[in-house]
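Encoded as structure tokens, the structure appears first; notes follow it.
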Amino acid sequence: MRKYTFPSAKDMEKTFGLSTGLTAEDFRVRMASMKKDVALYVDSKTLQCDFKFFPKTEAWVRSCFHSQFSYDVIMKMFDELTGGYGVEYIPCGETKSRKRLDYVNHGDTYRNTILRFSGSSRFYIGNWGDCVK
């Protein structure tokens, strides 16, 4: 399974703490749970995982006919964790390359959010407005 890199719990608290009411420790616990859940999901594909902190993500995964890519599940978890308005993407470059920027929609182009570039196993904090410029 691919190893994913998440932003630090302190950076998550600085960026999303006021809007969510979560502390760095809360983010640390939830992101550790995310990594465990995604590892179990990828290994079993039978939802043997415990989406304890992510009931909306669990409902979404269960409603899907086909299994989802692990990075899509992680983005949905980040959406739920940060109080976003869904996961969206912006195509980058030619359509043949299928490069894209996935992000959690927070309603403002220049508001910091969670970003992921296609093909990457890293999740960043940043705003997609600067990336598109």
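Quick note: the coordinates plus some simple rules give every number you see, no bench work behind them. Since we're looking at a predicted model, the values are computed, not measured. With ideal geometry, Cβ positions are generated from the backbone for all residues, glycine too; neighbour counts draw on all protein chains shown.
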Original post:
Can you work out the FRET efficiency for the pair residue 122 and residue 59, with r the C-beta to C-beta distance and R0 = 30 Å, to the nearest 0.05?
Top reply: 0.65
Original post:
Per residue of the chain, what 222 nm ellipticity follows from adding -39500 (n - 2.57) for every DSSP H run with n ≥ 4, rounded to the nearest 500?
Top reply: -14000 deg cm²/dmol
**OP:** Could you please rank 60, 128, placing first whichever residue has the fewest other Cβ atoms within 10 Å of its Cβ?
**Re:** 60, 128
**OP:** Could you list 100, 116, 30, 111 in order of exposure, starting from the residue whose Cβ has the fewest other Cβ atoms within 10 Å?
**Re:** 111, 100, 30, 116
Subject >> Kyte-Doolittle at least -1.0, axis length at least 24 Å by Cα - qualifying DSSP helices, the chain >> reply: 24-44
Subject >> Bins of 10 Å, starting at 0 and running to the largest distance - Cα pair percent for the chain >> reply: 12, 44, 35, 9, 0
Original post:
Dipole of the chain (Lys/Arg Cβ +1, Asp/Glu Cβ -1, origin at the Cα centre): which of 119, 107, 81 lies farthest to the positive side?
Top reply: 119
Original post:
By counting other Cβ atoms within 10 Å of each Cβ, how are 20, 82 ranked from fewest to most?
Top reply: 20, 82
